[in-house]
Structures are given as structure tokens and as C-alpha cells.
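Undergrad: Below you will find the structure I want to go over with you.
The values are calculated or read from the model by the stated rules, or taken from the named source; none is laboratory data. Predicted model, so just to flag it, every value in this text is computed and none were measured. In this analysis, Cβ positions are derived from the backbone assuming ideal geometry, glycine residues included, and neighbour counts consider all displayed protein chains.
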Amino acid sequence: MINKFGISAHLKNGNGHHNGTISEFAIRPNGIVDYQHPDKDSAKQEVERAVSTILANVGEDPTRDGLAGTPGRVARMYDELLAGYQVDPVKLVNNALFDVEYGEMVLVRDIEYFSMCEHHMLPFYGRAHVAYIASGKVIGLSKIPRLVDMFARRLQVQERMTHQIGDIIQEILQPAGVAVAVEGQHMCSMMRGVKKEHPVMFTTAFYGEFKEDREMRKEFLSLIR
């Protein structure tokens with residue numbers, strides 16, 4: 001069975017076996033994984049056609065110099081910016097879980113991310129801070145930024161992304177607690193709409209000891225300031 005991350009239920013046991021990957025399934029806004037991802041070549045062609053249609057309908061000539069290659073460039077750009085849909089989290093973690101006699105906070109802060117707002121398909125970007133209270137296991141240092149990127153490189157809202165990061169750390173490590181804080185600047189409110197240049201959105205998600213222990217939350221928040 002595939003859970004809301006596209007991860008097999010076997011992941012907790014570390015045996016690496018699973019029934020499907022992100023590359024085989026698409027994810028609906030509610031996190032359900034339930035249908036096959038389109039063929040990559042045909043998907044690229046459809047994106048190119050869609051970009052050409054947009055260009056023509058905003059008053060441009062898609063065939064003129066400077067724009068003739070734009071549909072292909074945009075399609076390749078989306079491949080990169082939305083690559084999180086293609087990531088298999090089982091392969092990403094790659095069994096980089098280690099038995100360590102350590103039961104304190106592990107914090108990775110100032111993880112840069114770039115994402116795209118699902119409402120207007122404009123970028124938002126910022127930093128994520130992820131902590132967990134180890135409970136006999138730790139995860140390889142590079143894996144936490146990679147997990148952040150996996151969720152950031154999708155069409156997103158910051159609130160959901162914050163919880164997805166926390167959920168997957170909880171799913172993989174089963175630690176005593178998880179804390180996630182995400183700072184984001186959203187181009188959809190800077191370029192359009194209210195057109196405010198410097199607002200920063202701050203979202204958090206707390207689990208286990210971080211949720212239950214106010215002093216633990218305060219320590220986490222003080223460390224990321």
C-alpha cells in the first residue's frame with residue numbers, strides 16, 4: 001500500500017521493498033496517490049503546446065525570434081522546478097538511517113528552498129528549519145535538505161509543505177519529536193495583488209515532544225532566530 005507520500009508501508013522496516021514510486025503515481029492536492037504519471041516525452045510536448053497557446057493569447061507571436069524556442073525552454077524549466085513529483089523517497093533516503101545512542105535535538109537550519117505557488121504558478125522561496133529528537137536513530141545529514149527539496153519542487157502552498165516535511169521525518173525516523181519552521185516570500189503577493197515587497201510568511205509544524213513541551217518549542221525557535 002502506498003501512503004500519502006508515495007512511500008511503501010515497508011519503509012519503516014527499512015527493507016526497501018515498495019509497491020510504487022512517485023514516478024509511477026501523481027499526487028492530488030489532498031496527498032492521495034492514485035493515478036499514473038504521463039509519459040515524459042508526451043508531457044513535454046503538451047507543455048510546449050500550452051506555452052505556445054499562452055504566448056499567442058497574450059498578444060505575442062510564438063514564432064518570432066526570441067520566442068521560437070521559449071516553449072521548449074519552459075518545458076525543460078518545469079522539469080527542473082517541479083522535479084519533486086518524480087522523486088522516489090525510498091531511493092532518496094537510501095537506507096541512510098543509523099543506530100546512534102543519542103536522544104537530544106538534531107537541528108538542520110537555514111535550508112534554502114524554491115517552490116511554486118499552486119494558485120498562480122509564481123515562485124515562493126525562503127528557508128526551512130527542521131529538527132527532531134533522536135530516539136535511537138539518526139538520518140544522514142544531506143537527506144533532510146533533499147526531503148525539503150522533494151516537497152518544495154512541486155506546486156505547493158507553504159502551509160501544506162511545512163506539514164509534509166514534518167510528516168515524512170516522523171514517518172521515516174519515528175523520533176520522539178519533530179519541529180519544522182518555514183519562512184517564505186511569495187511572488188504572488190509581491191508582483192500582483194497587494195504588491196507588497198517584503199512580507200515574510202512563517203509556518204510551523206510540531207510533533208511529539210515539541211508539541212507537548214513548551215520549553216522544547218522555545219529552544220527550537222530560539223535556535224533558528
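Undergrad: May I ask you to list the residues in region 166-222 that are of a type in the set (S, T, N, Q) and either farther than 20 Å from residue 148 by Cα or without any contact (Cβ under 8 Å) to a residue 12 or more places away in the chain (or both)?
TA: 189, 222
Undergrad: Considering only residues that are within 17 Å of the chain's Cα centre (by Cα) and either loosely packed, with under 11 Cβ neighbours inside 10 Å or more than 25 Å from residue 115 (Cα to Cα) (or both), which ones fall in region 48-97?
TA: 80
Undergrad: A further question follows. Pull up region 150-192, narrow it to residues that are of a type in the set (D, E, K, R) and touching a strand residue (DSSP E or B) at 6+ places or on another chain (Cβ under 6 Å), then point me to the one that is farthest from residue 110 (Cα to Cα).
TA: Filtering first and then ranking leaves 159.
Undergrad: Right, here's the next one. Just a yes or no: is a residue in region 189-209 in a helix (DSSP H, G or I) and modelled with pLDDT of 95 or more?
TA: The first filter runs over region 189-209 and keeps only residues in a helix (DSSP H, G or I), leaving 189-190, 209.
Checking the rest, the ones that are also modelled with pLDDT of 95 or more come to 209.
Yes: one or more hits.
Undergrad: Still on this structure, please answer the following. Filter region 94-118 down to the residues that are at pLDDT below 95 and under 30 Å from residue 78 (Cα atoms) and list them by number.
TA: 94, 95, listed by residue number.
Conditions tested, residue by residue: (1) at pLDDT 90 or above; (2) not charged (D, E, K, R).
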site: 8; (1), (2): no, yes
site: 30; (1), (2): no, yes
site: 61; (1), (2): yes, no
site: 75; (1), (2): yes, yes
site: 87; (1), (2): yes, yes
site: 92; (1), (2): yes, yes
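Undergrad: Looking only at region 151-183, how many residues end up being among the basic types (Lys, Arg), under 18 Å from residue 202 (Cα atoms) and not in a helix (DSSP H, G or I)?
TA: Number satisfying all stated conditions: 0.
Undergrad: Confirm whether residue 153 is among the basic types (Lys, Arg) and touching a residue at least 60 places away in the same chain (Cβ under 8 Å).
TA: When the stated conditions are applied, residue 153 passes them.
Undergrad: Looking for something within 15 Å of the chain's Cα centre (by Cα) and outside any loop (DSSP other than H, G, I, E, B) - is there at least one such residue anywhere in region 98-105?
TA: no
Undergrad: Please verify whether region 132-150 includes one or more residues that are surrounded by fewer than 19 Cβ atoms within 10 Å (Cβ to Cβ), among the aliphatic types (A, V, I, L, M), over 15 Å from the mean Cα position of the chain (by Cα) and part of a helix (DSSP H, G or I).
TA: No, the conditions are met nowhere in region 132-150.
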